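This report refers to the structure that appears directly beneath it.
Computed from the coordinates by the stated procedures, all read-outs in this text should not be read as laboratory data. As the structure is a computational prediction, the values presented were derived from the model and not from experiment. Neighbour counts run over all protein chains shown; Cβ positions are idealised from the backbone, glycine included.
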Amino acid sequence: MDIKLLEQIGLTESEIKVYFALMKLGSASTGPIIDKAKINHSKIYLILNKLLDKGLVSFIIKNKVKHYQASDPDNLLRYLKAKKESIAQQEKELEKLLPELRMQQQMAKNMQTATIYTGYEGIKTIFNLILSELKANEEYYVFTTYEEASSQQLRRFLLNYHQKRADKKIKVKLLTMKRFKKSTKEKYPQYPFSERRFIDLKLPTGLFIFKDYVMHFIWSDNPTFFVIQSAQNTERFKEFFLELWNQAIP
């Protein structure tokens, strides 16, 4: 017999085994049920109580010992109907709750926080945040000179990071001052899923813009990162970046 349907309506594999065992045994104490269903003896009472709650098993007491029996198979249909009614009621209650949930979501979007990270552990935290927040084909924006990443340790880290980013197919637009164009192309490869442009303006550097975050990196022997989470602030920086991006050249 195909038990998948019974699993789909909410019975566990162990419950199904016990139910079928009782269908064959008729009325039995726990010992024969355990042997017939081939389940762990420590779980039998938990399983039987769940089946009792679902109306699929009943019991009588003989000589102070409970003997269990499977209920009429029609009770499976009654159980399913009761479950459908419960889901319908939950759906109505959820509809009433949705406005409050939407309000909570909007409040979260309007939330503004500021955090400071330092050191190379801070670098890992920040870049892992980008990888965890963005999905495939989503995009973020960076003002950079590339000269900021002067140490070999940091360059190796960034190469490794960009490989992980490319594996996730996360896109990035990198905007750099024109005077760094030659050195940038000589020292750094064209990363996959990335675009580079150059502009003849002095730029704020070390700025990363994504989701609701604007991150300002100050590269030094002990790097410091200022992370501001604010949807309104991020939108302004995004507009600023894209306006300059449209004026820049590859």
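Where does helix 231-245 land angle-wise versus the long Cα axis of the chain, in degrees 0 to 90, nearest 10?
50
Along each of the three principal axes of the Cα atoms of the chain, give the extent in whole Å, ordering the values from largest to smallest.
93, 42, 32
Over 27 Å between Cα atoms: which of 17/84; 4/66; 4/43; 4/36 fall into that group?
Correct reply: 4/66.
For n ≥ 4 DSSP H runs only, could you compute -39500 (n - 2.57) per run for the chain, divide by its residues and tell me the 222 nm figure to the nearest 500?
It lands at -16000 deg cm²/dmol.
Among 136, 99, 67, which residue has its Cα furthest toward the positive end of the charge dipole of segment 1-144, with +1 on Lys/Arg Cβ and -1 on Asp/Glu Cβ?
Of the listed residues, the answer is 67.
With a cut-off of 8 Å between alpha carbons and a minimum separation of six or more residues, what is the relative contact order of the chain in percent?
Over the chain, the number comes to 17 percent.
For the chain, find the longest principal axis of its Cα atoms and tell me its angle to the long axis of helix 44-53, 0 to 90°, nearest 10.
90
Tell me, what is the percent relative contact order of segment 110-245, built from C-alpha pairs under 8 Å that lie six or more residues apart?
34
Using a basic spin-label model with each label point 7 Å from the Cα along Cα→Cβ, how many nm lie between residue 245 and residue 8?
Label-label distance for residue 245 and residue 8, simple model: 4.5 nm.
Would you work out the relative contact order for segment 23-118, in percent, from Cα pairs under 8 angstrom that are 6 or more residues apart? Spell out each step's value before the answer.
Numbers: 52 pairs, mean separation 22.0, N = 96.
Relative contact order comes out at 23 percent.
Give me the net charge of residue 237's neighbourhood, meaning all other residues with Cβ under 13 Å from the Cβ of residue 237; Lys, Arg count +1, Asp, Glu -1. List each step's numbers first, then the result.
Details: positive: 173, 211, 236, 238; negative: 212, 235, 239, 243.
Result for the local shell: 0.
Less than 17 Å apart at the alpha-carbon level, and either on another chain or at least 8 residues along: which lysines does that give for residue 182?
Qualifying lysines at Cα under 17 Å: 202.
Could you work out the longest stretch of the chain that avoids the trypsin sites (Lys or Arg not before Pro) located in DSSP loops with at most 14 other Cβ atoms within 10 Å?
The reported range is 65-134.
What do you get for the angle between helix 74-109 and the principal long axis of the chain? Use alpha-carbon atoms, 0 to 90 degrees, nearest ten.
20
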